[in-house]
Amino acid sequence: MGVAAFAHRARAGAAPGPASDWCGTGGVARPLFVPADRGFLGRLDAGEDRIVLRATSLPASEARIAPGYSMAYLAEHRGKHYRNPTLALHPGQRVRVDFVNSVDEPTIVHWHGLGVDTRNDGNGAVVVEPGARFLYDFDVRNRASLYWYHPHPHGLTAGQAYRGLFGMIDVDDIDEQRLRSALDLTVGKNEIPLVLQDRRGAGYATNDADRTHGFLGDMVCINGAPCPYLDVATRIYRFRVLNASNARTYRLALRRADGVAVPFTLIGVDGGLLSASRRCSEAFLASAERIDILVDLSDAAIGDTVVLETRAFDPMHMEATSEESAPLDHAAMHHAMPGQSSDASSHHGGGFPEGMQRALLQLRVRRRVAYRASAPAQLSRVERIDVTGADERPLRLGFSKGRWRINDRVFVMGETPIEVRRNTVETWLIRNYFTSMPHAMHLHGFHFQVIERQSSPDQLAPLGIGERGLLATDLGWKDTVLVWPGESVRIAIDFTLPYAGPQTYVFHCHNLEHEDGGMMVGVRVA
Ligand SMILES: [Cu+2]
């Protein structure tokens, strides 16, 4: 698998871009933090052992790994200590996590993407008070993918996630093993998770603009630190990218130091491997979404630099920010440049408004290796959901009286406006008003498939696959889908439920400030 982008090399050994373009802080480049088998984001394979996971506040001396981290999940297993461990799980396995709340406010853990019952879902209906504990006990029913976990106490989620409560879950299976074997991938060496989080540094406190737009940072950390680089060899790398930012959407792409675009291969999304890989030039990644990509550096020269960046885009924050706002000229805003699209967005995000270009990670080619390998033609099986005869449920996303709403309502704990009959298939038509902003809609308990997009913004076109408005990132199983202003997205959900009795979940925006503000709705499956 060669990459044409390397065929005409302008300058071998070109210097990396200026630091201001790179991380925006004038900070010093540092090696990318790559999780190991212990420590921060360390891979914890506990088998069926019961583990204790403790949410705790960090002493100031330990909070320095990234600006603003003041909380962590701690665990210990067989003499190894972990901070925000990556839980390595296997389909069918029983998971027992003894969760201890050692922070000074109520919290609860949600296993994002795992199809568990209500009791284990951690969706906020039950919280763990400070000093108390909660025993999670569930079986892994999901296919292989990169999932994650984070707090979900209603109204407190955003602050706790921002302060450092998050972690990854890596479920593997035979398809994963086949892929790793075919590409000679080693986790922690050439298969590396990239957790994107934008940080503001000075702790978590929100103003009106933050609550309306979401909390945006002015620097991007990957795996807990800004300005990372990775020394690489001439071979294929696999990056599993998780957007764990509270609110920011990225338009991810790769380019050489001289600006020439480098395509990548999309192999998976939220719910695991696609059936077949797709060559892509870029992909949008909203809060909580994941993409799994291959970057082929086998034709690169020693000294080349490839940059992972977020490209400029129109953030489309087009809501009126208060009831008193004068009517806005939406047509003019729609055609404005990023950062100028409205008063609101230009005031927001400090020196790094949403939609601004920035380099995120440098890959520095340092070593030549003999490498010839390609991914299996069929990566996995993705059965399409049969929507014949399925009922359609309309959902509208909008802003009114200072609150983000689903079907004109804000969340009320204990109410379930969405009632679903178990073991049925539904389609949901999610329509986002034009005077809105993009919303990353997440359903608990069930993965879904995106089956159609209508009236999508033009900037999604490079990702289009030419069928029913779908994007390359719509081709796999999803638990979170970004819906742009003016766009209608139809998803299919199979509500086959393996648990006895009614189960209650939530459907919400994963912009965590929107979620905490009530852009969430209860879903009862009975
Ligand atoms: Cu939202």
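The values are calculated or read from the model by the stated rules, or taken from the named source; none is laboratory data. Keep in mind that this is a model prediction, so the values were computed, not measured. Here Cβ is always computed from backbone atoms with ideal geometry, including for glycine, and neighbour counts include all displayed protein chains.
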Checked region 123-142 for anything under 24 Å from the mean Cα position of the chain (by Cα) and among the hydrophobic types (A, V, I, L, M, F, W, C); matches are 125, 127, 138, 140
Going through region 386-426 in order, the residues found to be away from the ligand (no atom under 16 Å from the Cβ) and either in a strand (DSSP E or B) or among the hydroxyl-bearing types (Ser, Thr, Tyr) (or both) are 388, 391, 392, 393, 394, 416, 418, 419, 420, 424, 425, 426
Residue set 463, 471; condition modelled with pLDDT under 95, touching a helix residue (DSSP H, G or I) at 6+ places or on another chain (Cβ under 9 Å) and closer than 21 Å to residue 274 by Cβ; output residue 463
Meets criteria (outside any strand (DSSP E or B), at pLDDT 95 or above and within 16 Å of the ligand (Cβ to nearest atom)) for residue 498: no
Of the candidates 468, 490, 524, the one satisfying the condition of being surrounded by 19 or more Cβ atoms within 10 Å (Cβ to Cβ), of a type in the set (Lys, Arg) and either farther than 21 Å from residue 147 by Cα or within 15 Å of the ligand (Cβ to nearest atom) (or both) is 490
In region 223-263, anything closer than 23 Å to residue 198 by Cβ and of a type in the set (Gly, Ala, Ser) is listed as 224, 225, 244, 245, 247, 253
Among strands (runs of 3 or more DSSP E) entirely within region 271-314, at least 1 residues that are out of contact with any helix residue (DSSP H, G or I) (no Cβ under 9 Å at 6 or more places or on another chain) and at pLDDT 95 or above occur in 272-280, 290-296, 305-310
Counted residues in region 177-198 being outside any strand (DSSP E or B) and not β-branched (Val, Ile, Thr) come to 12
query = Do we have residue 476 as touching a residue at least 12 places away in the same chain (Cβ under 8 Å), of a type in the set (Gly, Ala, Ser), within 25 Å of residue 516 (Cβ to Cβ) and not in a strand (DSSP E or B) here?
reply = no
The lone condition residue 246 fails out of (1) in a loop (DSSP other than H, G, I, E, B); (2) away from the ligand (no atom under 16 Å from the Cβ) is (2)
Check whether at least one residue in region 506-521 is modelled with pLDDT of 95 or more and either assigned by TED's automatic domain parsing to the domain that holds residue 141 or more than 16 Å from the ligand (Cβ to nearest atom) (or both), and report yes or no. no
(Q) I'd like to check something: does region 17-33 contain any residue that is at pLDDT 90 or above and in contact with a Ser or Thr (Cβ under 8 Å, 6 or more places away or on another chain)? (A) no
- Message: Being hydroxyl-bearing (Ser, Thr, Tyr) and either more than 16 Å from the ligand (Cβ to nearest atom) or buried (at least 19 other Cβ atoms within 10 Å of the Cβ) (or both): is that true of residue 436 here?
- Response: yes
If you go through 96, 133, 143, the only one that is within 30 Å of residue 34 (Cβ to Cβ), exposed (fewer than 15 other Cβ atoms within 10 Å of the Cβ) and not assigned by TED's automatic domain parsing to the domain that holds residue 290 is 96
Going through (1) within 30 Å of residue 293 (Cα to Cα); (2) of a type in the set (Lys, Arg); (3) surrounded by 16 or more Cβ atoms within 10 Å (Cβ to Cβ) one by one, residue 384 fails only at (3)
Here the residues within region 439-465 that are among the hydrophobic types (A, V, I, L, M, F, W, C) and within 16 Å of the ligand (Cβ to nearest atom) are 440, 441, 443
Scanning region 199-227 for residues that are within 16 Å of the ligand (Cβ to nearest atom) and either among the acidic types (Asp, Glu) or assigned to a helix (DSSP H, G or I) (or both) gives 208, 209, 210, 211, 212, 213
When you check residue 429 against the structure, is it touching a Pro at 6+ places or on another chain (Cβ under 6 Å) and away from the ligand (no atom under 15 Å from the Cβ), yes or no? yes
How many residues of region 471-487 are within 23 Å of residue 385 (Cα to Cα) and within 15 Å of the ligand (Cβ to nearest atom)? The answer is 5
